[in-house]
1. Looking at (1) part of a loop (DSSP other than H, G, I, E, B); (2) farther than 20 Å from ALA30 by Cβ, which is the one condition that is false for ASP371?
2. Return the pairs, sorted by first residue and then second, in which the second residue is at pLDDT 95 or above and among the β-branched types (Val, Ile, Thr), the first residue lies in the stretch 430-444 and is surrounded by 13 or more Cβ atoms within 10 Å (Cβ to Cβ), the beta carbons are less than 7 Å apart, and the residues are 6+ apart or on different chains.
3. Say we look at the stretch 337-379 and pick out the residues that are among the charged types (D, E, K, R) and more than 22 Å from ASP52 (Cβ to Cβ); which of these is surrounded by the fewest Cβ atoms within 10 Å (Cβ to Cβ)?
4. From the residues in the stretch 123-154 that are without any contact (Cβ under 8 Å) to a residue 40 or more places away in the chain and either of a type outside the set (D, E, K, R) or closer than 27 Å to ASP108 by Cβ (or both), which one is surrounded by the fewest Cβ atoms within 10 Å (Cβ to Cβ)?
5. Residues in the stretch 422-438 that are out of contact with any helix residue (DSSP H, G or I) (no Cβ under 8 Å at 6 or more places or on another chain) and part of a helix (DSSP H, G or I): how many?
6. Among the residues of the stretch 164-200, write down those that are in contact with a strand residue (DSSP E or B) (Cβ under 6 Å, 6 or more places away or on another chain) and small (Gly, Ala, Ser).
7. Given the condition in contact (Cβ under 8 Å) with a residue 40 or more places away in the chain, closer than 17 Å to TYR155 by Cα, of a type outside the set (A, V, I, L, M, F, W, C) and not in a strand (DSSP E or B), answer yes or no: does some residue in the stretch 103-110 qualify?
8. Under the condition of being of a type in the set (Gly, Ala, Ser) and assigned to a loop (DSSP other than H, G, I, E, B), which residue from the stretch 208-246 is surrounded by the most Cβ atoms within 10 Å (Cβ to Cβ)?
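The values are calculated or read from the model by the stated rules, or taken from the named source; none is laboratory data. The structure displayed is predicted, hence computed values, not measured ones. Cβ coordinates were reconstructed from backbone atoms using ideal geometry, including for glycine residues, and neighbour counts include every protein chain displayed.
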Amino acid sequence: MLALSLILSGCSKPEQRHYPAQGSVTAFVATDTHYLAPSLTDDGAAFRKYVDTGDSKQLERIKAIMQAFVHDIKAKKPDLLIVSGDISNNGEKQSHVEMAKLFQEIEDQGTQVYVIPGNHDILNPWSSQFQGDKQVKADPVTPDQFADIYGAFGYQEAIARDRKTLSYMAAPTKKLRLLMLDTNLYQSNERLRRPETGGIIPSSTQRWIRNVVKEAEQEGAQVLVVMHHNLLPHSELSEEGYQIKNSKEITELFQDLQLPLVISGHVHLQHIAALEDTSPTAHAESVEPLYDVATSALSVYPHQYGVLKYDSDAPSWDYSTAPVKVEEWASEAGVQDEDLLDFQNSARQFFNDFTRRLVKKELMNAHYSYDDIHVMTEFFVNVNNQYFAGKEIAHRDQLILSDAYHLWMSAEPSYLKGYIVSMLQPYKRSHDRLTLSLSHINTNAASQ
């Protein structure tokens, strides 16, 4: 059924295209919302254990966070909302249905929504609901169902769709194309009995990309690439499953097609990677710049989203971040929950407490003294708090002279020690801001 629908839509084009007549576009970028429908949990023992042993997502507050995000969008009125996957917590159909309703509310206010799936969204064996002390299976969604539920948010407006995946090309304006890439390997999930973490762009999709990007170039349009998985590495630590498996091949493809900017998610933290950081030949003048902007997870502290502005007259891209104003929404909505009314502090506390539990557990196994564990843990919490937000680590020079840092550096090799070293590397650029001039990139497309 899916193959047939993609073949039909991939071979057809709308009779007419209607574009806003505007030189600049503002898009909000959200990723990894991991929305869990409230009806799927009773806040019992099984759910509390799941949250406490998870990965610091604010699942019990995610509905409020999303309502506050909708409030921000209504107030700021961006032209577009781009959602780069992991919309649901673990692919629950009910979670997808509720998110679609929120997206419709956003579109009703005049903001166009475009979505792609993440590795948690489709055919997920972990799709669950929580009842008392039990975690039981909830209905997941198939690729067909995903495209149907989110039909109004990209798939119905697509000017081209890939035959093999849920990738599509959208044209929100005459001079801008969104290349929305499905990089997921959900066909493996049933065999693995878990969601496949890694991703890939298959050869057939690469051929499709070449065709639709060349068409965009002929029409004088700039192309923005959006995908869930990362194209470039966002950490010095070797972690499989975040970068797409054929990243070298796809990097060369994007270079050849002069696609300088990729928007991704998946890693949950805010980070901007550049090809020049990873390739010894990227410093050559003949090599075009290529950036992969990983926006931090909306479900994880500091609960922020990307603000991406495209100026077709310059032409240029400008990326920054903004926090969801949960407190403002809660106050205006008459919410009585003190944690929501003081969300910046309560969310930071939730994130830091999660980090503390994780670090202390590891350090206790290493037989440190209580005082050393406390000093090392608080050091880690402080640095990790800033690192996740994409902020330059404050007072770095003083930190690396501290007793806590020396305790970490004298520790046996471990993931946490490597993580400390990685976080404290001097930043080559800001990770929450990027301005990219396109005047020397794809000048044929920019000038038409």
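1. The single condition ASP371 does not satisfy is (1).
2. Taking only residues 6 or more apart or on different chains, the pairs are HIS431/ILE272; ASP432/THR321; LEU434/ILE272; LEU434/VAL293.
3. ASP371
4. VAL136
5. 1
6. Correct list: SER167, ALA170, ALA171, GLY199.
7. Yes, the conditions are met somewhere in the stretch 103-110.
8. The residue in question is ALA221.
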